[in-house]
Amino acid sequence: MRILSRLEKKSNGLVENLIKDYSLVEKEFIGGCEAGYLQELGGEAVIFGVGDLSLAHKANEYLNINEFEIYNNLFCKIISELS
């Protein structure tokens, strides 16, 4: 399951289209990252990356190495199509 999170729900359609076009699942993000600073500049910030956030920063956290290639390919495809 590929997950995308956003800090605030704004409805300019971009995130909704990404979710639909790439079969992503939207989940709530609870944590700290640079996305909040970028969002303050007026854009819609999303958190997109490898791994299950429920496992992050805990004892015995782990990540399936194959997810890196899957996410990298998807990320490059999205950037290419948005350019």
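Overview of results
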| read-out | value |
| --- | --- |
| In Å², nearest 10: area of F29 left accessible to a 1.4 Å probe | 30 Å² |
| Reference-scaled alpha-carbon Rg (2.2 N^0.38 Å with N residues) for the chain | 1.13 |
| For E67, solvent-accessible area (1.4 Å; no DNA, RNA or ligand), Å² | 50 Å² |
| Cα pair distances exceeding 13 angstrom across the stretch 28-70, given as percent | 62 percent |
| Portion, in percent, of the accessible area of the chain that falls on carbon or sulfur, probe 1.4 Å | 54 percent |
| Per residue, in Å², the accessible surface of the chain once ligands and nucleic acids are set aside, probe 1.4 Å | 76 Å² |
| Solvent-accessible area of I30 with every protein chain in place, 1.4 Å probe, in Å² to the nearest 10 | 140 Å² |
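The values are calculated or read from the model by the stated rules, or taken from the named source; none is laboratory data. This is a predicted model, so every value here is computed, not measured. All accessible areas refer to the heavy atoms of the entire protein, side chains included, with ligands and DNA or RNA removed. Shrake-Rupley method; radii C 1.70, N 1.55, O 1.52, S 1.80 Å.
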